[in-house]
């Protein structure tokens, strides 16, 4: 059986999307990485989970071109699992996973002290957008009743 170029392209795209599960989520743009005006920072609003007084969320930083990080790993994006304490407006990084194309190229170990090592959330536009997405209740949809 012959496969057309279009069929191969579709199969390749399906393989790429399946190999990086983070693309299956609902990513909302919130800003750009400092020093990388062509990049973007996005929040996965489908990843929100409550754990004690924290809300856990996945935040992805995407670069327009690959770069080498401080650990000498070449990547084009990374996802940070972040814990936000909405009451104290603090956050802690739980894990970080780096990607290059469709391949995972690095991952941190889970921070053992993330519950006790929170940092104040900066008062900048990107951090404020993240805080609003994570901590503010969603507005009711038109026609819905608030309970």
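The values are calculated or read from the model by the stated rules, or taken from the named source; none is laboratory data. Bear in mind the structure is a predicted one, so any value in this text is a computation, not a measurement. FYI the Cβ positions are ideal-geometry reconstructions off the backbone, even for glycines, and counts take in every protein chain you see.
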_Looking only at segment 57-84, how many residues end up being buried (at least 20 other Cβ atoms within 10 Å of the Cβ) and farther than 22 Å from residue 133 by Cα?_
1
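Yes/no matrix, rows are residues, columns are (1) in contact (Cβ under 8 Å) with a residue 40 or more places away in the chain; (2) touching a helix residue (DSSP H, G or I) at 6+ places or on another chain (Cβ under 6 Å); (3) surrounded by fewer than 14 Cβ atoms within 10 Å (Cβ to Cβ):
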| position | (1), (2), (3) |
| --- | --- |
| 32 | yes, no, no |
| 38 | no, no, yes |
| 44 | no, no, no |
| 55 | yes, yes, no |
| 86 | yes, yes, no |
_Pairs please, first residue from segment 129-145 and over 15 Å from residue 88 (Cβ atoms), second anywhere and assigned to a loop (DSSP other than H, G, I, E, B) and at pLDDT below 50, Cβ atoms under 8 Å, 6+ apart in sequence or on different chains._
140/146
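Pick from 134, 84: which is part of a helix (DSSP H, G or I), within 24 Å of residue 52 (Cα to Cα) and either in contact with a strand residue (DSSP E or B) (Cβ under 7 Å, 6 or more places away or on another chain) or modelled with pLDDT under 95 (or both)? It would help to see each step written out before you state the result.
Values: 84 fails: part of a helix (DSSP H, G or I).
Only one candidate qualifies: 134.
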*asked:* within 22 Å of residue 26 (Cα to Cα) and loosely packed, with under 15 Cβ neighbours inside 10 Å: which single residue out of 96, 50 fits that description?
replied: 50
